[in-house]
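Every number here is computed from the coordinates shown, using simple stated rules; none is lab data. Just so we're clear, the structure is a prediction, and the values are computed from it rather than from any experiment. FYI the Cβ positions are ideal-geometry reconstructions off the backbone, even for glycines, and counts take in every protein chain you see.
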């Protein structure tokens, strides 16, 4: 396997099922990797772990909203062909621009 910097690497996949061949292990890894990417997006892009909630109901609502946000960002990712981090950056820049223009409007008044 060749890395982006030109160096070569080796990917070793491990499976506890001794009857699996290499193709089957790689197939399982691909399925698992999608779940890992989903959990990373939940934690990094939707702030799942940063919930300030204390009660069951508010925690439930927070989890639902983070899952909903990741689903919506996945839909946007398909439309705009950007990854979650690029989409988040675009949204932050747009929000900062809006906040700054509002600040300037209030300052002028």
Practice task
Pop a pseudo-label 7 angstrom from the Cα along the beta-carbon direction at both residue 44 and residue 65 and give the gap in nm to one decimal.
Solution key: 2.3
Exercise for the section: Quote the FRET efficiency, to the nearest 0.05, computed for residue 33 versus residue 100 with a Förster distance R0 of 41 Å and r equal to the Cβ-Cβ distance. Expected result: 0.55
Problem - Answer label, with Cα Rg over 2.2 N^0.38 Å calculated from the coordinates and candidates (i) 1.18; (ii) 1.08; (iii) 1.58 - result: (iii)
Handout entry: Gain upon complete extension [residue 92, residue 53; 0.36 nm per residue less C-alpha separation]
Key = 11.7 nm
Practice task
Give the angle, between 0 and 90 degrees and rounded to the nearest 10, that separates the Cα long axis of helix 84-108 from the longest principal axis of the Cα atoms of the chain.
Solution key: 10
